[in-house]
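Everything on this sheet refers to the single structure shown next.
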Amino acid sequence: MSSGLDPARLVAAARAAGLGAAAVCIQRLDPAGPLFCAGPQTDWAAASMIKVPLAVAAAAAVARGTHAWPQLAVVGPENMTPNDAPSPLIPGVSASLADLLALAVSRSDNVATNMLFDVLGRERASADLAALGFPGTVFRRKLSGAEPLIHDPGATGRNAHPPAEAARLFAALAAGTVPGATRIRAALAAQYWNGKLSLGLAPGDRFEHKTGDTDSVSHDGGILTLASGESWALVVYTHQTSGDADDPRFAEFMRTLRPLFSS
């Protein structure tokens, strides 16, 4: 770990950028280094960050042989909820498991995500993530794009994907040690939502990432590859209010961090 990335400096940088008491997790991937976290690590709403481990659960089901990427599911009205970008999924349309994964990750499509909950089963998906080494990641309720919340009789609480597990999962995707790594990284690289940390990148950097937002949290995280070829897993969870006004704070934080990665 770079000597400039100590906990006190990360916490101070987050506050200076206006991100408040953020949770930050960083791990150097090439060459490999230890996971390093600062700030509060518990009691976070996962928001749309939960879509990355859900994609891994889909890939695990395919690897197990219980599902297949071409298999189709029909969109039902019970999974409809608003999205920040137009969705191709409307009641009666059929979508493959591969399409659902791509839409959930690259477009943050809530309807695709809710269909994955039904196709995979939340208990089995949670068990698959635990078996892969992510016991704190639990799928408990479908996603809602606006009030009122989607009617979800199977809900058992709030989805969980702690910042440390999010960073470790990005590291595992980079290393190819979880199912579907190549497919999921391609979806991350095709990310439609490129505000937040992406706005503070240096020329030549590449960030395969996922954002997550609700009315009370705003997150970003992914696999950062520097122009030099070094790569890092980076996750930032905050209690900022979702919205475009939030992006400059993330960008300032990334601009502060970016020189430290190579120091």
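The values are calculated or read from the model by the stated rules, or taken from the named source; none is laboratory data. For clarity, every value in this text was computed on a predicted model and none was experimentally measured. As a convention, Cβ positions derive from the backbone with ideal geometry for all residues, glycine included, and neighbour counts pool all protein chains shown.
List of remarks:
- Conditions (1) more than 21 Å from ALA63 (Cβ to Cβ); (2) hydrophobic (A, V, I, L, M, F, W, C); (3) outside any helix (DSSP H, G or I); number of the one not met by VAL178: (1)
- Top-ranked residue in region 82-109 [being polar (S, T, N, Q) and touching a Lys or Arg at 6+ places or on another chain (Cβ under 8 Å); ranked as surrounded by the most Cβ atoms within 10 Å (Cβ to Cβ)]: SER108
- Test: residue in region 71-80 that is within 16 Å of the chain's Cα centre (by Cα) and of a type in the set (D, E, K, R): no
- Of residues in region 24-43 being over 22 Å from THR238 (Cα atoms) and not aliphatic (A, V, I, L, M), the one farthest from the chain's Cα centre (by Cα): PRO31
- Candidate set: region 220-233, residues that are in contact with a Phe, Trp or Tyr (Cβ under 8 Å, 6 or more places away or on another chain) and in a strand (DSSP E or B); chosen: the one farthest from ALA22 (Cα to Cα): THR225
- In region 199-221, residue surrounded by the fewest Cβ atoms within 10 Å (Cβ to Cβ) [restricted to those that are out of contact with any Lys or Arg (no Cβ under 9 Å at 6 or more places or on another chain) and free of Cβ contacts under 8 Å to residues at least 40 places away in the same chain]: PRO203
Yes/no per residue for (1) over 23 Å from ALA17 (Cα atoms); (2) touching an Asp or Glu at 6+ places or on another chain (Cβ under 7 Å); (3) of a type in the set (Asp, Glu):
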position: ALA175; (1), (2), (3): yes, no, no
position: LEU188; (1), (2), (3): yes, yes, no
position: PRO203; (1), (2), (3): no, no, no
position: PHE207; (1), (2), (3): no, no, no
position: ARG249; (1), (2), (3): no, no, no
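- Among the residues listed as ALA46, ALA17, ALA21, ALA13, the single one being closer than 18 Å to VAL217 by Cα, in contact (Cβ under 8 Å) with a residue 60 or more places away in the chain and over 21 Å from the mean Cα position of the chain (by Cα): ALA17
- Among all residues of region 242-253, there is at least one that is among the aliphatic types (A, V, I, L, M), touching a residue at least 40 places away in the same chain (Cβ under 8 Å) and in contact with a Gly (Cβ under 9 Å, 6 or more places away or on another chain).
- Note on region 24-43: residues that are without any contact (Cβ under 8 Å) to a residue 60 or more places away in the chain and more than 23 Å from HIS161 (Cα to Cα) total 1.
- Members of region 110-136 that are more than 12 Å from VAL75 (Cβ to Cβ), of a type in the set (D, E, K, R) and surrounded by fewer than 20 Cβ atoms within 10 Å (Cβ to Cβ): GLU123, ARG124
- Selection from region 81-122 of residues that are without any contact (Cβ under 8 Å) to a residue 60 or more places away in the chain, not in a helix (DSSP H, G or I) and not small (Gly, Ala, Ser): PRO86, PRO88, LEU89, ILE90, PRO91, VAL93, ASP109
- Among the candidates ALA8, ALA55, ALA60, residue that is part of a helix (DSSP H, G or I), farther than 22 Å from GLY157 by Cα and either at pLDDT 95 or above or touching a Pro at 6+ places or on another chain (Cβ under 8 Å) (or both): ALA60
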